[in-house]
Amino acid sequence: MATRPVEIREGHDTPGHHEEPSFFVKYLWSTDHKVIAMQYLFTGMFMALVGGFFSYVFRMQLAWPGESVPLWGLVTPAAYNMLITNHGAIMIFWVAMPVLIAAFGNYLIPLMLGCDDMVFPKLNRLSYQIFLLSVVVLFSSFFVTGGGFGGAWTMYPPLSGEAAYNNTPAGQTIFIVAVALEFVAFLLGGINFVTTAMNSRAPGMKLYDIPMVVWMIVIASIMFMASVGPLVAGAVMLIFDQTLNTAFFDPTRGGDPILWQHLFWFFGHPEVYVVLLPAVGIVAEVITVFARKKLFAYKTVLYTAIATGVLSFTVWAHHQFIAGIDPRMANIFTVTTLLISIPIAEMMFVYIATLYGGSITFSTPMLWALSFIATFLVGGVTGIFLGASGSDIYLHDTYFVLAHFHYTFYPIAIIGTFAGFTFWFPKMFGRHLNETLGKIHFWLTIIAFNGIFLPLFVTGVLGDNRRIPNHQVYPELDNPLMNGLREVATVFLVVMLLAQFVFFYNVVVSLVRGKKAEKNPWKSNTLEWTADSPPPHGNWKELPTVYRGPYEYGVPGRSEDYWPQNVPN
Amino acid sequence: MSVHTLPHPRHGVRTGRSAVMPNGVFGMLIFVVAEVMLFAGFVSAFTIMRRSALVWPPPGQPRLPVEETAFNTAILVASGVAMLLAGRAFRRHAPSASRPLVAAIGLGATFVVLQGREWWMLIGGGLTLTSSALGAFFYLIVGLHGLHVIAALGFLVYAWRRLARGFLPPGVMGAAEVLWLFVVAVWPFLYWRIYL
Ligand code: HEM
Ligand SMILES: [Cu+2]
């Protein structure tokens, strides 16, 4: 029996040589996937606070226009534009991506596949460092002359291409550079994830034995890498327009601004599924454990995810129905958009089928996972109205669109993250969170979330346009009903933000004196639960071997209702 | 990353699964997917612009040197062939890959120099980044490819030096092959879309 040649990486304990690394090496310069995951997780959470604060400021302005906002002051139109632009960009590129893909991906992939680290640990460290740099660059854009970029996260030219139009000569370019750096970070991360999943699985782990969340992160990484190229191309052209006086997107000099929209949304639509899939994967892990049931139709979920990934490359022009594209083209994109709701709906049904007949425990992670299904459904269904070009002509760029994508992104980025975080917290930190506080936080957050965005569906249908700092200027938008709904949304936003203090309190208190967690507190099957809580550097003394799939719960004829992947029989 | 073919202190006990292909090759292949899409983005943008232009090529702009560049293309393709030979030689008897590797590097460097000369002449003839859409796209796309060639050449030199010092891991050699063949293969396509 030949042993396979393996790489010995620097930074890993080589035999007969073991020293306790310094704080700096251990936490800031580490190549350990778990440390890098924590770096991404906490940076992402910090950015969520920044993005959340921004939303607080502009929602206050929307509810009570022209009044001084506590902790900020008067919101000028320029500041308003800067706040909404950076809120959107931060939440997608600096919260959803780093937390769902990079943090959970880094933490879970090696642990769930039964290996000691990523295959390229140094690339992994570099990935986080570039990500951190992108954060610094983004923040620096807020302090340059003219302030941060305010041309919306979609950066449509000519507004974004000419300092004379957007009044942020430096901010416009720094913003794009920050986004570009973030892409480089995820490119490096994605290469690692896919290679690790294909090459470093535990012996015995066949493709269909891979836990769903790992598959989802891998598919999302591939989608990200296949879609980001055209946007990077567009970003380079936009930076050239801004700084070197080219005219790629300038219609007055023969350029084509619609071209940008194609390049952006060719990336932008797959991107929404890039963040969706990891969240869907997290939910699969949580509901199988807390329903004690096998995942219904594992292979169907997997192939559905792949089909969604492929289809998502064919729907992008539904963002451009009224941008002057050919109506025949609009028809085609209507059809593809309605098609893509089928696999998404199917996944939701599969999850409901998984729950059916299970013995369900309503623990905090389970509540989050169930609420993901409920709220995401609203988001998906409203997407169908927007996908039909006929109704979209009316709804485009109203608060209906905004409510639609918050009913998709919020379940993904916030609910999905909380589901994963509360589920793996005992593994990550070796202690349990407080369940009561967890449930209080859950109910406050989920009720407030619906309170924010349900009213906005209504204002949207009433014709409320997005990206207007002060509705009083438009008499038809300035009536008691719409103003009242805006105020309701803002009040719930404040409640939602305040509720997060419960979460942070819970985390801090539990870290210090939470109940100690054993290896496998949820009686779960997957490999990460066979490592110590928290897992040491290198994860296991002896790496596990896999004998079966990850979802063998409630198998008849066994005394236990679970059957870990690493148990021979 | 130092790589040895010693059994890993922990992995050593294991048998069973072995990797589909070396990590380096696999990682580079994924990177190349992203690169293909990057070039596809640029080229489709260029194609859209060119189709929607009323007159093409833009008047008063120098003609792109189709014949000279055909020659440059041949040189780059030859360098790709040399790389293929180097790869085959490497798998038969590693040190014998040194010669074809040097040939690949030399031909690649010649390509860069000749393309640089071409740019020099075109700029002199009035084709600049801001003179027309043709100029803008030409320098953008061809320049991006040029940067790729230079970066990939750096990687080849690194591989060659490790080979000369006695040990080049198969993963690194494989990654160098994948990267170089990508850079070579994308060029005839760019030549066809941009020059012709
Ligand atoms: C995976 C979850 C989804 C996310 C994260 C998401 C996100 C978004 C975002 C960010 C926008 C607006 C961008 C902007 O204008 O600034 C948007 C618009 C849109 N979404 Fe979704 N979406 C999701 C699912 C869906 C589904 C399932 C459909 C259709 C079946 C859909 C159809 C649309 C359409 C047609 C628009 C364009 C509306 C318009 O601008 O008029 N989305 N979505
Ligand atoms: Cu879309």
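The values are calculated or read from the model by the stated rules, or taken from the named source; none is laboratory data. Please read these numbers as outputs of a predicted model, since none were measured by experiment. Cβ coordinates were reconstructed from backbone atoms using ideal geometry, including for glycine residues, and neighbour counts include every protein chain displayed. With ligands, DNA and RNA removed, areas are computed over all heavy atoms of the protein, side chains included. Shrake-Rupley method; radii C 1.70, N 1.55, O 1.52, S 1.80 Å.
Computed values, structure above
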read-out: Cα-centred dipole magnitude for the stretch B:15-136, charges only on beta-carbon of K, R (+1) and D, E (-1), debye, nearest 20; value: 440 debye
read-out: Average Cα contact separation per residue, the stretch A:362-518, under 8 Å, 6 or more apart, as relative contact order %; value: 32 percent
read-out: Trypsin sites (Lys or Arg not before Pro) lying in DSSP loop within the stretch B:135-196, provided at most 16 other Cβ fall within 10 Å; value: B:Arg165
read-out: Sites A:Leu338 and B:Glu118 - FRET efficiency at Förster radius 60 Å, r taken between beta-carbons, to 0.05; value: 0.75
read-out: Residues whose placed amide H lies under 5 Å from that of A:Asn465, excluding near-sequence neighbours; value: none
read-out: Whichever aspartates and glutamates have a C-alpha closer than 12 Å to that of A:Lys293, once near sequence neighbours (fewer than 8 apart) are set aside; value: A:Glu285, A:Glu552, A:Asp561
read-out: Relative contact order of the stretch A:387-480, defined on C-alpha pairs under 8 angstrom at six or more residues apart (%); value: 50 percent
read-out: Note, ³J(HN,Hα) from phi for the stretch A:516-525, Karplus 6.51, -1.76, 1.60, rounded to Hz, x at Gly and Pro; value: 5, 9, 7, 4, 10, x, 8, 6, 9, 8
read-out: Average beta-carbon neighbours from other chains, 10 Å sphere, peptide A:253-262; value: 3
read-out: Crossing angle, helix B:170-190 versus chain B [Cα axis fit, 0-90 degrees, rounded to tens]; value: 20 degrees
read-out: Net charge contributed by nearby residues that have their C-beta within less than 12 Å of B:Phe71 (K/R +1, D/E -1); value: -2
read-out: Cα gyration tensor category, rounded, prolate or oblate, for the stretch B:11-126 with a/c compared to 1.5; value: oblate
read-out: Between 0 and 90°, nearest 10: helix A:212-243 axis offset from chain A longest Cα axis; value: 30 degrees
read-out: Probe 1.4 Å - accessible area at A:Val494, Å² to nearest ten; value: 50 Å²
read-out: Whole-Hz ³J(HN,Hα) from phi, Karplus 6.51 cos²θ - 1.76 cosθ + 1.60, for the stretch B:47-62, glycine and proline x; value: 4, 4, 4, 5, 5, 8, 6, 6, 10, 9, x, x, x, x, 10, x
read-out: Global geometry of the protein assembly as shown, whether rounded, prolate or oblate, following the gyration tensor of its Cα atoms and the 1.5 cut on a/c; value: oblate
read-out: Under 5 Å, built H, 5+ apart or other chain: amide partners of A:Arg431; value: A:Ala517
read-out: Ranking by accessible area, most exposed first, for A:Thr85, A:Thr408 with a 1.4 Å probe; value: A:Thr408, A:Thr85
read-out: Principal-axis tilt of helix A:104-113 within chain A, Cα atoms, nearest 10 degrees; value: 30 degrees
read-out: Three-way shape call for the stretch A:362-518 based on the alpha-carbon gyration tensor, with the a/c threshold at 1.5; value: prolate
read-out: Other-chain or far-sequence residues with amide H under 5 Å of A:Val69's (modelled H); value: A:Leu74, A:Val75
read-out: Accessible-area ranking of A:Thr361, A:Thr168, A:Thr145, largest first, probe 1.4 Å; value: A:Thr145, A:Thr361, A:Thr168
